[in-house]
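Comments concern the structure below.
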Ligand code: ADP
Ligand code: DP6
Ligand code: CO
């Protein structure tokens, strides 16, 4: 019976407030614009992944996601395996007494405790966990920055889930993608009052995957260029300033405007991509009502590539935001918490990973 080497990790989802949408290099997964997100470390939305390897495993690598075998022959997963194996190989070459894990087949077993491919960043938590689990298995001395460069090749948004708190992804300018990595803008402890309410209207798999959707947008949308080259660069600076200054009104306004800009770009894609539905639009209206009634921005909605809403707010406005949400649409329009429970809100604090 030969040995089995094993390591496990978890990674949280991150929800962008400045969205990544567009690839300048689909092979290396290099984006057309920088982006910025909040890692929801305390939200309970996470991936748990175990990576193992053994000379006794069947000869090909495998990945089991929520109990179903996945194709690992795709270029993205292969890129992650290849990069991590190369780093392990270098360690083994420098220290011949180390077991030769780099030449053993890998078995990855992963569970998402929230809907997969429904616009709640499963590819982000999923590839961040996959890369970190293998890095742990291989005992690599790799920094989060280096792991983010590898995870980016699995799914772009995954590079941001390797950091906690407020996280940027610099689009970079190198052709090989070496400078297209995530960085921490501020730890969660910088703004501990921040909360995120996650509302699920549909746990179904989206009709158009993020990968396909953004490539169609780049090829057909006339709004896309001004978004990528003018709007987003300006808002990246505004957003970082709002976070540094803990200015929720600035943070909220830019968050909502960027979500609107991203979904407008989707509508401007041909054929058009509709990620929002009537219930999503009801959530937008509800946020508008809450902010109008309060006389300032106390709640900010954002939607990834799916109909499900994430509402950012500060703890002091819990009642005004979660209370009103529950009263106005909780139950009535079928919103649920991200794990299928009734909407409670307040649990979604943020914390550094
Ligand atoms: P989402 O909005 O959930 O990120 P995407 O369309 O971006 O949806 O990506 C969904 C895909 O990400 C899945 O079909 C699967 O291929 C991959 N994925 C999701 N979770 C995991 C995981 N835990 N491990 C590996 N890959 C995953
Ligand atoms: C709308 O990272 O899922 O959530 O790199 O093709 O895997 P791939 O795409 P993905 O796209 C995320 C798009 C988004 C915005 C964001 O998270 O920044
Ligand atoms: Co995704």
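Side notes on the structure shown:
- Taking N as the residue count of the range 274-329, its C-alpha radius of gyration divided by 2.2 N^0.38 Å amounts to 1.08.
- Here the range 231-310 has an Rg and Dmax of 13.4, 41 Å, counting Cα atoms alone.
- Convex hull projection area averaged over all views, the range 145-257, Cα basis, nm²: 8.7
- Residues residue 25 and residue 220, FRET efficiency given R0 of 25 Å [Cβ-Cβ distance, rounded to 0.05]: 0.85
- Once both labels are positioned 7 Å from their Cα atoms along Cα-to-Cβ, the gap between residue 268 and residue 89 label points is 4.4 nm.
- Overall form of the range 175-235: oblate. Here a/c, set by the Cα gyration tensor axes a ≥ b ≥ c, is 1.5 or more, and a/b is not larger than b/c.
- Stretchable slack from residue 179 to residue 66, in nm (0.36 nm times residue separation minus alpha-carbon distance): 37.4 nm
- Residues in the range 306-325 that a label on residue 278 would reach, taking backbone N under 20 Å of a point 7 Å out along Cα→Cβ: 306-309
- The distance linking the range 74-104 with the range 284-317 is 45 Å (Cα centroid to Cα centroid, whole angstrom).
- Cα Rg, Dmax (largest Cα-Cα span) when computed across the chain, Å: 20.3, 69
- All Cα pairs of the range 68-107, percent lying beyond 15 Å: 47
- Axis angle, to the nearest 10 degrees, between helix 248-267 and the longest C-alpha principal axis of the chain: 80 degrees.
- Rounded to 10°, Cα long-axis angle of helix 210-220 versus longest principal axis of the chain: 70
- Tail beyond 19 Å, pair distance distribution of the range 191-290 (Cα, percent): 54
- Across all Cα pairs in the range 1-61, the calculated P(r) in 5 Å bins from zero up to the longest distance comes to 4, 14, 13, 12, 14, 15, 12, 10, 5, 1, 0 percent per bin.
- Between helix 122-137 and the chain there is an angle of about 30 degrees, using the helix long axis and the longest principal axis of the Cα atoms.
- Expected 222 nm ellipticity per residue - DSSP helices of 4 or more, -39500 (n - 2.57), all of the chain, to 500: -10500 deg cm²/dmol
- Mean-square fluctuations from a GNM of the chain, with a 10 angstrom spring cutoff on Cα atoms, peak among 82, 149, 132 at 82.
- Efficiency of FRET from Cβ geometry, residue 78 and residue 204, R₀ 41 Å, rounded to 0.05: 0.90
- Shape call, the range 52-184: gyration tensor on alpha carbons, a/c limit 1.5: oblate
- Cα convex hull volume per residue for the range 1-103 (Å³): 161
Where a number appears in this text, it was derived from the coordinates with a stated rule and is not lab data. What you see is a predicted model; the values in this text were computed from it and never measured. Positions of Cβ are generated from backbone atoms using ideal geometry, with glycine treated the same way; all protein chains shown enter the neighbour counts.
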